[in-house]
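I have placed the structure first, in the form of structure tokens, so that the comments after it can refer back to it.
FYI, it's all coordinate maths here, none of it is from the lab. Note that the coordinates shown come from a computational prediction; the quantities given were computed from them, not determined experimentally. FYI the Cβ positions are ideal-geometry reconstructions off the backbone, even for glycines, and counts take in every protein chain you see.
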Amino acid sequence: MRHSRIRPLAALTLVGVLTGCNRYALFNQAGYEQAAFSNEADILFVVDNSSSMSQEAGALGTSMDAFISRLTSTDGAVAVTETLEDAVGNYITYTQERGKFLDYQIGITTTTPDDIANDGMDPGEGGRLVGGVIKKDDADVAEAFRYTMLCETTYWPSDTPRSNSGEITDCSTTPEEGVTQEFLDCVCGFDEWKNTREGTGTEEHLESALMALCRSVPNPPETCYDNLSVFADSEDIKNDDFIRPDSTVVVVLVTDEGDSSRRIPSTGTETDLATQYLDAFAEFDNNIKVVGIGPLYDPEVDSQPRCIEGAGFGGYLVDRIIHATEETGGFYRYIVEEDAGAGCVNSDFSAHLSELGGLLEDLDTAFQLQSIPDISTIQVWIDGEEVPKATGTAQGNGDTTYDEGWSYDSAQNAVVFWGKWVPDYNADVEIFYRPLSDKPRDLPPM
């Protein structure tokens, strides 16, 4: 795949004419260095802040506890190795509760990629972060996320419901009727939530994500200065300390609309996919994954998104979001779902955020390949020692469990490590294989 999870050290492919018999030029070699990944994950939420999104954004803002619990806490995340017993304990914790060892931080921007009022770019516009960077070791990550989402990011229209229970003094629990004015007063301060600005109705999720990335690195790549973007005229506005060198970046698009980003032609054809933005993301040194929480739409069976009254956009605008998630090893989930009465309700954001936590945990164990391999030719080495292929056992629920070693996951096009063979952060991981597109006779000698 083009967007590999770890930076490749080398990628050699067959050329039309070989001047010498270089065996390494006869197949694709993917060599990975775990140290280039480190244990850092930078998570960028790109949230639709148009008027139709208030309750969905509110549900996201009040569901962060699921993400935090999935990645546990900072307790136990600092390894102590004074004794052999400590080392054994650290190993068990590391392999069973890997989320503790992930150093994550969170930023939030919106789907408004311009200064829409032409009076000075506000936070959330043009890729600016809202409320700064939320870090794993902050006092209360869930509370900070909730405040930033509800009080500084989401636009709340005048018909935001009032509570039937009067004033709320405990902001830790969302009312049964959802986010109400009284709950917002409790979280944000009286009427403070009314100060947020409504975002544009032409949502540009991928463009906004790109602008946020451009503002978050010390040396933005050339794609940031495209004449279609606002970056060249506002490059002095920075998202300081957000994207760290060699971190994995996960872009989470949250919306009830399709993507109308300006670099993609709107012709309603298959060419309207996210390729131009995936190419732009590839210009950054970080590995970037895309997660989508968006319209209820299955391109295999639907022509239009469901559960959206008078949807004025075609399914192809959602296709580009789905395409971005598939090409980068992320996932796409629905923001709403149909209930038993054929009505529509908000989906379970807790489940989506828990799955996001699982994706981050999996970053430590799944190494994406650059090409689809001939599985029978895969050879895997860690620190110069060959890793055995794991034996899989099918379970009754359709899942497969593995013993020690490696397996191949076709859905991710990745080699996945199991048991004691899960690489340490400082391990050198080498994966040799023969791509299906070209099959030379031999793998290289080790």
Expected vector for the range 175-186, Karplus 3J(HN,Hα) from phi with 6.51, -1.76, 1.60 and θ = phi - 60°, integer Hz, x for Gly and Pro, equals x, 4, 7, x, 6, 10, 4, 5, 5, 5, 4, 5
Non-local residues with an amide H under 5 Å from the amide H of V336, with H modelled 1.01 Å from N and Pro and chain starts lacking one, are L296, S347
Packing-ranked peptide list from 46-58, 181-193, highest mean Cβ count within 10 angstrom first, is 46-58, 181-193
In nanometres, the difference between 0.36 nm per residue of separation and the alpha-carbon distance of I116 and T173 is 17.1 nm
Between the modelled labels at E385 and D409 (7 Å from Cα along Cα→Cβ) the distance in nm is 2.4
Any aspartates and glutamates whose Cα falls less than 14 Å from that of K194, other than same-chain ones fewer than 8 residues away, would be E152, D159, E182, D185
Note: E235 to Q395 extended length (0.36 nm per residue) minus current alpha-carbon separation gives 52.3 nm
The simple spin-label model distance between I372 and D339, using points 7 Å out along Cα→Cβ, in nm, is 4.3
Between F190 and N39, the two model label points (7 Å from Cα along the beta-carbon direction) sit apart by a distance in nm of 4.7
Diffing the range 194-202: the Karplus 3J(HN,Hα) column from phi (6.51, -1.76, 1.60, θ = phi - 60°), in whole Hz with x for Gly and Pro, holds 7, 8, 6, 9, 5, x, 5, x, 9
From the Cα centre of the range 236-267 to that of the range 341-401, the distance in Å is 24
With a 24 Å threshold on alpha-carbon distance, the violating pairs from K289/K420; K136/K389; K238/K289 are K289/K420; K136/K389
